[in-house]
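**Q** Please read through the structure below; I'll follow up with questions.
The values are calculated or read from the model by the stated rules, or taken from the named source; none is laboratory data. These numbers were taken from a predicted model, which means no experiment stands behind them. Ideal geometry is used to build each Cβ from the backbone, glycine not excepted, and the neighbour counts take in all protein chains shown.
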Amino acid sequence: MTTTGRSWLRAFRWPVLWVAIWIAMIAAVAASSLLPAHDLPEVPDGFDKVEHFVGYLLLSLWAAMLFAHRRGQALAAAALIALGVALEFAQGAWTVSRVADSADALANSLGVLAGLMLGATPIGRGLQCVEATFRRR
C-alpha cells in the first residue's frame, strides 16, 4: 500500500496480522453495539460512557500504531468517528432494546481523539516494539 512512493503502514514484519487484528476489533465493537440490551452485562449508570470512550480509544490507538503518517492516522480517526455515529443511529433504527444516544457518540469521538493523540507519543510505536521483541528471540 503506497501513495507517492511512501507506505501507508509502518514497517512491520507481520502487517497482515496487525491489520487483521484491527479489523477484528472493529467488527467486535460493531457487533456488540448492535446486540440486544439483555445480552450485555449490566453496568453502573454512566459507566457505559467509559466503555465507549475506552473502546474507541483502543481502536484509534491501534490505527495510530498501524499507519506510518499522520494523514493515514487522521483518515482512520475520521472513519472511526463516522462509525461510532453510524452505530448509534443503527441502534436506534435497527434494534428494539437499544436507543441512539448522542452522549455515546460523543464518548466514542472523544475516545478516538484521545487515541490519536496517544499515537503521537512513544506508545505509538507499540506494535513495532512487540515485533522487535520477537525478532530478538
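**Q** Are any of the residues in region 47-58 buried (at least 19 other Cβ atoms within 10 Å of the Cβ), of a type in the set (A, V, I, L, M) and out of contact with any His (no Cβ under 6 Å at 6 or more places or on another chain)?
**A** Yes: one or more hits.
**Q** Let me ask you something else. Which residues, counting only those in region 118-136, are free of Cβ contacts under 8 Å to residues at least 40 places away in the same chain and outside any helix (DSSP H, G or I)?
**A** Thr121, Arg136
**Q** I'm trying to understand the selection: among the residues of region 20-37, which are touching a residue at least 40 places away in the same chain (Cβ under 8 Å) and part of a helix (DSSP H, G or I)?
**A** Listed by number, the residues that qualify are Ile21, Trp22, Ile26, Val29, Ala30, Ser33, Leu34, Ala37.
**Q** Being part of a helix (DSSP H, G or I), under 17 Å from the mean Cα position of the chain (by Cα) and under 30 Å from Arg136 (Cβ atoms) narrows it down to one residue among Gly84, Gly115, Gly111; which is it?
**A** Details: Gly84 fails: under 30 Å from Arg136 (Cβ atoms); Gly111 fails: under 30 Å from Arg136 (Cβ atoms).
Of Gly84, Gly115, Gly111, the one residue that is part of a helix (DSSP H, G or I), under 17 Å from the mean Cα position of the chain (by Cα) and under 30 Å from Arg136 (Cβ atoms) is Gly115.
**Q** Of these, Ala68, Ala114, Ala78, which one is of a type in the set (A, V, I, L, M), touching a Lys or Arg at 6+ places or on another chain (Cβ under 7 Å) and modelled with pLDDT of 95 or more? Give the derivation first.
**A** On the way: Ala114 fails: touching a Lys or Arg at 6+ places or on another chain (Cβ under 7 Å); Ala78 fails: touching a Lys or Arg at 6+ places or on another chain (Cβ under 7 Å).
Sole residue among the options that is of a type in the set (A, V, I, L, M), touching a Lys or Arg at 6+ places or on another chain (Cβ under 7 Å) and modelled with pLDDT of 95 or more: Ala68.
**Q** Same structure again: Considering region 61-81 alone, what residues qualify as being part of a helix (DSSP H, G or I) and of a type in the set (Phe, Trp, Tyr)?
**A** The answer is Trp62, and nothing else.
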